[in-house]
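Since the structure comes first, as structure tokens, the remarks are kept for the end.
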Amino acid sequence: MKLDISRFFQKKKKQILEQWMNAQLTDEGLREDLISNEELRNQSVELVELLSKTVTDQSLTDRESPVFSPVVDLLADISYSRALQGFLPRETGVYIFSLKDSILQTLQQEIGEDPAALYEYSLKLSKLIDSFGISTFETFIKGREEVILRQTDEMTEISTPVIKVWDGILALPIIGTLDSSRTQIVMESLLEQIVATGSTIAILDISGVPSVDSLVAHHLMKTVSATRLLGAECIISGIRPEIAQTVVQLGIDFSHIITKATMASALKHAFSIIHLEVKKQ
């Protein structure tokens, strides 16, 4: 039996859509908290409509055909937006593969009496939809990676706040490990605030840094040097006993840097530099 696949989609697109929507709306993983049923239907209608216009006997066996560009673009938009909305990979996969189930069910109803033709077209359609599914996953992963990178940047900025503790005195409590990229953010934030506030003293508190090795020490040195280039003095506080021992064992020279055990000690020293005395009432 010879099937005109283009006519099949045109003739059965409404049936395919309704079966697909029913499968999605009855699925236990339906995320009504992330997407409304109306939006889900609109996306599904648009996709089925595009398939009915692009799937032909010629394009069915050429999954890289340019005619499928609108379909691929739509799926990319859907999967990217779902990645940003917080959908799981499985939930995005179910969306496209449940469409395949609906198409194959409708195909079976159409040519079920011809097993050979059913097998031939089922195989071709499965490969086509599977290729769309792979493309969808690739875009979803890229979207999730962007979300993770953005969240990482936001957390880094939150964990490196520059605080004005007094006129002319800034404090930057560092929490977590210092690496090259984070050191760059620390330096940029600190230097920008030194210029913006006209401060002459900066306190780097490392009590929240889990350990200090030669690499972390190198990053601290870079930050101190950059601060001094702007004419500000830098004090490092939060030097715990174990950190002091590690610095000595590594042979790292902190002799040219003012260091204090606590933020309070560093602030007291900063007050003395600007000839300020704070007294209890």
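Within segment 170-181, how many residues are surrounded by fewer than 19 Cβ atoms within 10 Å (Cβ to Cβ) and closer than 12 Å to ASP205 by Cα?
Taking segment 170-181 as the starting set, the residues that turn out to be surrounded by fewer than 19 Cβ atoms within 10 Å (Cβ to Cβ) are 175-177, 179-181.
Retained after the next criterion (residues that are closer than 12 Å to ASP205 by Cα): 175-176.
The total comes to 2.
Report, ordered by the first and then the second residue, all pairs with beta carbons closer than 6 Å, sequence separation of six or more or different chains, a first member in segment 1-16 that is charged (D, E, K, R), and a second member that is crowded, with 18+ Cβ neighbours inside 10 Å.
Between residues of segment 1-16 that are charged (D, E, K, R) and residues that are crowded, with 18+ Cβ neighbours inside 10 Å, the close pairs are LYS12/THR106; LYS13/VAL48; LYS13/SER52.
Go through segment 182-207 and give me each residue that's closer than 19 Å to ILE274 by Cβ, of a type in the set (Gly, Ala, Ser) and open to solvent by 10 Å² or more (accessible area, probe 1.4 Å). Spell out how you get there, then give the answer.
Initial filter on segment 182-207 (closer than 19 Å to ILE274 by Cβ): 190, 193-205.
Then drop every residue that is not of a type in the set (Gly, Ala, Ser), which leaves 196, 198-199, 202.
Across segment 182-207, the qualifying residues are ALA196, GLY198.
Restricting to segment 105-129, count the residues that are crowded, with 16+ Cβ neighbours inside 10 Å and more than 43 Å from the chain's Cα centre (by Cα).
Of the residues in that region, 3 qualify.
Within segment 256-274, take every residue that is more than 39 Å from the chain's Cα centre (by Cα) and without any contact (Cβ under 8 Å) to a residue 12 or more places away in the chain and give me the one that is surrounded by the fewest Cβ atoms within 10 Å (Cβ to Cβ).
Among those residues, the one meeting the criterion is HIS256.
Limited to segment 33-58, what total is found for residues that are farther than 19 Å from LEU84 by Cβ, open to solvent by less than 60 Å² (accessible area, probe 1.4 Å) and in a loop (DSSP other than H, G, I, E, B)?
Residues in segment 33-58 being farther than 19 Å from LEU84 by Cβ, open to solvent by less than 60 Å² (accessible area, probe 1.4 Å) and in a loop (DSSP other than H, G, I, E, B): 3 in total.
Run down SER102, SER69, SER98 and say which single residue is assigned to a helix (DSSP H, G or I), more than 18 Å from LYS124 (Cα to Cα) and either open to solvent by 10 Å² or more (accessible area, probe 1.4 Å) or touching a residue at least 40 places away in the same chain (Cβ under 8 Å) (or both). Please lay out each step first, then the result.
Values: SER102 fails: more than 18 Å from LYS124 (Cα to Cα); SER98 fails: more than 18 Å from LYS124 (Cα to Cα).
Criteria check complete, one pass: SER69.
The values are calculated or read from the model by the stated rules, or taken from the named source; none is laboratory data. As the structure is a prediction and not an experimental result, all values here were calculated from the model. As a convention, Cβ positions derive from the backbone with ideal geometry for all residues, glycine included, and neighbour counts pool all protein chains shown. All accessible areas refer to the heavy atoms of the entire protein, side chains included, with ligands and DNA or RNA removed. Shrake-Rupley method; radii C 1.70, N 1.55, O 1.52, S 1.80 Å.
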